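Chemist: Got a structure for you, written out below as structure tokens; questions coming shortly.
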Amino acid sequence: MHPMLNIAVKAARRAGSIINRATLEGGLEVHAKNRNDFVTQVDRAAEQAVIDVIRRAYPDHGFLAEESGASAGARPEYRWVIDPLDGTTNYIHGFPQYCVSIALQHKDVLTQAVVYDPGKNELFTASRGRGAFLDDRRMRASKCAHLKDALVGTGFPFKELGRLDLYLRQLRNLMGTCSGVRRAGSAALDLAYVAAGRLDAFWEMGLSPWDMAAGALLIQEAGGLTCDLEGKPDFLASGDIVAASPKVLQELLSALK
Ligand code: IPD
């Protein structure tokens, strides 16, 4: 395993034990950051644990983390993009679909990725050019060839209600053309499921880089494709991501138009 991926795995597992322990102990303190956007003391403690593990190994790297924001570091060309608990709303309700998401960018290129589901103890990893793995098994994106046969994941634009009409039009088109639609509530884990071939495709608008960075590299290394709604590569900047098996992507983009 690449040494930087190894550190990311260590950090993700450390955060995962904080998340699991807090599930047993209870006493969750929930604060609203914005409408429909929550944070708990577990998000914060898990994020601190991830940063501590990485900073000990790489003291001069930069960070972009959901709760503490951006810090450049002496070598800002290395940037760790962290969501310590993706699916906080699920976690608060005991709905078992949430994860830790950690990616490393080098000069803006995604190079390492970990998505860890602490409830199911599933570890999704990838290093650029070295493939993607679920635990120690190689992952391959689905070979689904037609949108009509595809199970498609999505996320609702619940923070950006201004785009709800556009989203509902997309959903209406999709529901008429694919085999099923799922909204599980953790974008990073949804993307990991595309990499694992459990979903044939996924789209969501208005995400943050920490929701997408690790999952996107997992998909690319598993042979799937990622882009924005225009089919362009800049989804990390726009926040709108479309991901699919190679044969389904064009059909999906047309259905979302
Ligand atoms: C959220 C989840 C959710 C997505 C939201 C994200 P958070 O992440 O990924 O699936 O629909 O847009 O913000 O806030 O729980 O880390």
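Chemist: Whether any residue in the stretch 68-89 is part of a helix (DSSP H, G or I) and within 16 Å of the ligand (Cβ to nearest atom) is what I want to check.
Modeler: The answer is yes; a qualifying residue exists.
Chemist: Name the single residue, out of those in the stretch 202-231 being near the ligand (Cβ under 10 Å from one of its atoms) and farther than 17 Å from Gly153 by Cβ, that is farthest from the chain's Cα centre (by Cα).
Modeler: Ser208
Chemist: Taking the residues in the stretch 21-50 that are under 19 Å from the mean Cα position of the chain (by Cα) and exposed (fewer than 13 other Cβ atoms within 10 Å of the Cβ) as candidates, determine which candidate is farthest from the ligand (Cβ to nearest atom).
Modeler: Among them, the one singled out is Asn36.
Chemist: In the set Leu166, Leu199, Leu161, Leu236, which member is among the aliphatic types (A, V, I, L, M) and in contact with a strand residue (DSSP E or B) (Cβ under 8 Å, 6 or more places away or on another chain)?
Modeler: Only one candidate passes the filter, namely Leu199.
Chemist: Please work out if Ala222 is modelled with pLDDT of 95 or more and within 26 Å of Leu64 (Cα to Cα).
Modeler: Against the criterion (modelled with pLDDT of 95 or more and within 26 Å of Leu64 (Cα to Cα)), Ala222 qualifies.
Chemist: Follow-up question, since we're still on this one. Inside the stretch 164-186, can you point out the residues that are over 27 Å from His93 (Cα atoms) and not β-branched (Val, Ile, Thr)?
Modeler: Scanning the stretch 164-186 gives Asp165, Leu166, Arg169, Gln170, Arg172, Asn173, Leu174, Met175, Gly176, Cys178, Ser179.
Chemist: Within the stretch 226-243, identify whether any single residue is closer than 23 Å to Arg138 by Cα and touching a Ser or Thr at 6+ places or on another chain (Cβ under 9 Å), and answer yes or no.
Modeler: Checked against the condition, which is being closer than 23 Å to Arg138 by Cα and touching a Ser or Thr at 6+ places or on another chain (Cβ under 9 Å), the stretch 226-243 yields at least one hit.
Chemist: Another question about this same structure. Give the residue that is farthest from the ligand (Cβ to nearest atom), with candidates limited to residues of the stretch 187-201 that are within 16 Å of Lys120 (Cβ to Cβ), free of Cβ contacts under 8 Å to residues at least 60 places away in the same chain and assigned to a helix (DSSP H, G or I).
Modeler: Tyr193
Chemist: Show the residue pairs meeting these rules: Cβ distance below 8 Å; 6+ apart or different chains; first residue within the stretch 111-125 and among the basic types (Lys, Arg); second residue assigned to a loop (DSSP other than H, G, I, E, B).
Modeler: Sorted first by the residue in the stretch 111-125, then by its partner, the pairs are Lys120/Pro96.
The values are calculated or read from the model by the stated rules, or taken from the named source; none is laboratory data. These numbers come from a predicted model, not from an experiment. Neighbour counts are summed over all protein chains in view; Cβ atoms, including those assigned to glycine, are modelled from backbone coordinates with ideal geometry.
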